[in-house]
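The values are calculated or read from the model by the stated rules, or taken from the named source; none is laboratory data. Everything numeric here is computed off the predicted structure, so don't read it as measured data. In this analysis, Cβ positions are derived from the backbone assuming ideal geometry, glycine residues included, and neighbour counts consider all displayed protein chains. Side chains included, ligands, DNA and RNA excluded: accessible areas come from the protein's heavy atoms. Shrake-Rupley method; radii C 1.70, N 1.55, O 1.52, S 1.80 Å.
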Amino acid sequence: MESTVAARVAEMLLEVKAVRLSPESPFTWASGWKSPIYCDNRVTLSSAPVRTYIKEALAEAIKTQFAGVEAIAGVATAGIPQGALVADVLGLPFLYVRPKPKEHGMGNQIEGRLEAGQKVVVIEDLISTGGSSLKAVEALRNAGAEIVGMAAIFTYGFPVAEQNFQQAGVTLHCLSNYNALVEAAVPLGYITDDQVDTLKEWRQSPNTWRQ
């Protein structure tokens, strides 16, 4: 079932151009890394069928893998709409987490009502290294939440992310992943068989690729 969902989500991300693959003319990420892939899952919100499939798949994954969840928290900014959609499907309270406390007003970092000891699943749209996602987890824990796990639409599957989540004691579930994306891209005509090797090469060492 998970492999079927991973393949379908990968196809959808390509179809709505949430993911763009350009092995010959790499993108430059904010980190400075050169990358043959650029992923913007916000685009999925503009397609009703894709948006519906993703929210229902996330909700189903949470029901089956994170029993006892009492609230959903989205990571600002892209995790906010996805998290709100999922919370609505599950009929659960929703809140969201800013990267840092607001500099005016109440100075909140967490928006919404969080009860002490409340069991929370965090929603992200995309996992790269996991750094910003786990900062949101830290903020929620400091505010008294019990983090049951995190669910996301897509992960690059970098080893550093796996290590970071293990060290933080956070179980991560992603609907789709980089390998599923590459497999889906060839038959759909987004890349050629020859370009697959380039994409796999980047995946092994993204921080030094073409530097």
ask   = Any residue at all in region 139-153 that is farther than 22 Å from L92 by Cα and touching a residue at least 12 places away in the same chain (Cβ under 8 Å)?
value = no
query = Where residues in region 154-211 are under 17 Å from the mean Cα position of the chain (by Cα), within 18 Å of S35 (Cβ to Cβ) and aromatic (F, W, Y), which of them is modelled with the highest pLDDT?
reply = F154
message = Restricting to region 75-96, count the residues that are among the polar types (S, T, N, Q) and out of contact with any strand residue (DSSP E or B) (no Cβ under 6 Å at 6 or more places or on another chain).
response = 1
query = Within region 193-204, is even one residue of a type outside the set (G, A, S), open to solvent by less than 10 Å² (accessible area, probe 1.4 Å) and out of contact with any strand residue (DSSP E or B) (no Cβ under 6 Å at 6 or more places or on another chain)?
reply = yes
query = What tally of residues in region 133-147 results from selecting those that are under 15 Å from Q82 (Cβ atoms) and surrounded by fewer than 21 Cβ atoms within 10 Å (Cβ to Cβ)?
reply = 0
query = Residues in region 85-94: is at least one surrounded by fewer than 13 Cβ atoms within 10 Å (Cβ to Cβ), over 16 Å from the mean Cα position of the chain (by Cα) and free of Cβ contacts under 8 Å to residues at least 12 places away in the same chain?
reply = yes
ask   = In region 14-39, which residue that is open to solvent by 40 Å² or more (accessible area, probe 1.4 Å) and touching a Lys or Arg at 6+ places or on another chain (Cβ under 8 Å) is farthest from I127 (Cα to Cα)?
value = P26
note = Residue pairs qualifying under the 9 Å Cβ cut-off, at least six apart or on distinct chains, with the first in region 49-71 being closer than 15 Å to E2 by Cβ and the second being basic (K, R), are Y53/R8; A57/R8; F66/K119
inquiry  = Given the criteria in contact with a helix residue (DSSP H, G or I) (Cβ under 6 Å, 6 or more places away or on another chain), over 23 Å from V148 (Cβ atoms), part of a helix (DSSP H, G or I) and of a type in the set (A, V, I, L, M), does L45 qualify?
reply    = yes
inquiry  = The conditions are (1) assigned to a helix (DSSP H, G or I); (2) open to solvent by 20 Å² or more (accessible area, probe 1.4 Å), and L58 fails exactly one of them. Which is it?
reply    = (2)
ask   = What single numbered condition from (1) at pLDDT below 95; (2) in contact with a Gly (Cβ under 8 Å, 6 or more places away or on another chain) fails to hold for N108?
value = (2)
request  = Could you list, in sequence order, all residues of region 83-109 that are out of contact with any helix residue (DSSP H, G or I) (no Cβ under 7 Å at 6 or more places or on another chain) and assigned to a helix (DSSP H, G or I)?
outcome  = G83, A84, A87, D88
request  = Working only within region 157-195, note down all residues that are without any contact (Cβ under 8 Å) to a residue 60 or more places away in the chain and part of a loop (DSSP other than H, G, I, E, B).
outcome  = G157, F158, G169, V170, V186, P187, G189, T192
message = Given the criterion over 22 Å from V19 (Cα atoms), among the aliphatic types (A, V, I, L, M) and out of contact with any strand residue (DSSP E or B) (no Cβ under 7 Å at 6 or more places or on another chain), identify the matching residue among A67, A71.
response = A67
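Which is open to solvent by less than 20 Å² (accessible area, probe 1.4 Å) and not in a loop (DSSP other than H, G, I, E, B), of I123, I80? So that I can check it myself, show each step before the final result.
On the way: I80 fails: open to solvent by less than 20 Å² (accessible area, probe 1.4 Å).
Step by step, each of I123, I80 is checked, and only I123 is open to solvent by less than 20 Å² (accessible area, probe 1.4 Å) and not in a loop (DSSP other than H, G, I, E, B).
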